[in-house]
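The values are calculated or read from the model by the stated rules, or taken from the named source; none is laboratory data. Being a predicted model, the structure only gives us computed values, none of them experimental. Note that we place each Cβ from the backbone using ideal geometry, even for glycine, and neighbour counts take in every protein chain shown.
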Amino acid sequence: MDSVGRHVTQARRSLWRLLIASSLAFAAILAPPTAHVNVVEGHCTNNPAQYVQGYQDTTNQQNGVRAQIGWVQGNICTSGVYHFVVLCAMPGCTNAPVLWMQVGMMYFNWQAEPRSYCEFSGATYMFLDFNISHGPHDYKFQYDTFDDYWDCYVDSSFKASQSRTAAGFDSGRYVGVQGEAIQAHVQIGEMAPSKLSYSAVKRRKESDGVWVFTNLSRVAPLFPYGSDLPFAYEMRAWTNAH
């Protein structure tokens with residue numbers, strides 16, 4: 001998968017995300033104010049979103065993906081950030097329409113603190129978010145062959161599901177973990193020298209239902225972001241001071 005294809009894919013995702021953000025922001029205006037106070041800095045701009053990515057394009061089909069993602073509540077400027085694990089139907093995650101399942105943690109400037117979420121981008125789009133405690137959590141998507149539904153879990157607690165018909169697929173080839181800043185300079189991961197871990201990244205093989213560790217490749221992020229792969233199945237992400 002080349003960088004152009006990846007960026008095109010991310011642009012498609014960002015369009016969905018901006019629609020969600022606009023809707024949630026409007027709802028937040030109507031809701032009572034929270035005690036959270038944002039730190040708005042001059043370098044926060046409305047430039048295109050930026051990413052920290054680790055992925056594996058597999059040669060066979062997968063019907064599940066999971067990862068443990070640490071906890072972080074950083075500077076989100078006037079926008080927001082996602083930290084997640086994802087499974088896409090096609091290699092490179094570039095097919096149109098893009099079919100993928102995503103689960104992780106989100107934090108926007110109108111929220112008091114981060115929340116977990118389950119996101120389905122297929123024939124029918126769905127986005128649901130939930131309360132989450134401070135600390136690392138295990139995020140998982142898997143396809144249930146008994147009822148033909150994709151199921152979303154946080155720490156083995158069922159959160160949401162989507163039918164195969166609505167999802168548009170029942171297995172995929174692309175497994176990844178990612179930090180996504182909706183606005184340029186939003187903090188992804190921890191502030192350096194600290195690092196946020198996306199660890200124990202696994203995929204479930206469609207052929208036998210066995211969970212195996214991924215063999216991640218890293219996409220070099222743009223400044224001010226950083227990432228590394230201490231193990232094949234773990235990515236760490238951070239934002240450098242700027």
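The table for this structure:
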item: Failed item, numbered, when Gly42 is tested on (1) out of contact with any Leu (no Cβ under 9 Å at 6 or more places or on another chain); (2) modelled with pLDDT of 80 or more; result: (2)
item: Qualifying residue in segment 9-29 (condition: modelled with pLDDT of 95 or more, among the polar types (S, T, N, Q) and crowded, with 20+ Cβ neighbours inside 10 Å); result: no
item: Strands (runs of 3 or more DSSP E) contained entirely in segment 93-170, each with at least 1 residues that are modelled with pLDDT of 95 or more, closer than 24 Å to Ile76 by Cβ and among the hydroxyl-bearing types (Ser, Thr, Tyr); result: 100-108, 115-121, 137-144
item: Residue tally, condition buried (at least 17 other Cβ atoms within 10 Å of the Cβ) and within 20 Å of Gly189 (Cα to Cα), over segment 79-118; result: 22
item: Verdict on Tyr174 being more than 19 Å from His137 (Cα to Cα) and either part of a loop (DSSP other than H, G, I, E, B) or in contact with a strand residue (DSSP E or B) (Cβ under 7 Å, 6 or more places away or on another chain) (or both); result: yes
item: Among (1) within 24 Å of Thr165 (Cα to Cα); (2) at pLDDT 95 or above - the single one Ala89 does not satisfy; result: (2)
item: Which numbered condition Val186 fails, given (1) at positive phi; (2) not in a strand (DSSP E or B); result: (1)
item: Hits in segment 207-223 (condition: part of a loop (DSSP other than H, G, I, E, B) and surrounded by fewer than 18 Cβ atoms within 10 Å (Cβ to Cβ)); result: Ser207, Asp208, Gly209, Val210, Asn215, Ala220, Leu222, Phe223
item: Flag for Val52 being β-branched (Val, Ile, Thr), assigned to a loop (DSSP other than H, G, I, E, B), modelled with pLDDT of 95 or more and farther than 18 Å from Val212 by Cα; result: no
item: Answer residue from segment 42-75, given it is out of contact with any Phe, Trp or Tyr (no Cβ under 6 Å at 6 or more places or on another chain) and of a type in the set (Val, Ile, Thr) and is surrounded by the most Cβ atoms within 10 Å (Cβ to Cβ) among those; result: Val72
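Yes or no, residue by residue, for (1) at pLDDT 95 or above; (2) over 24 Å from Asn46 (Cα atoms); (3) surrounded by fewer than 16 Cβ atoms within 10 Å (Cβ to Cβ):
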| position | (1), (2), (3) |
| --- | --- |
| His185 | no, no, no |
| Ala192 | yes, no, yes |
| Lys195 | yes, yes, no |
| Ser199 | yes, yes, no |
| Lys205 | yes, yes, no |
| Gly226 | yes, no, no |
| Pro230 | yes, yes, yes |
| Glu234 | yes, yes, no |
| Trp238 | yes, no, no |
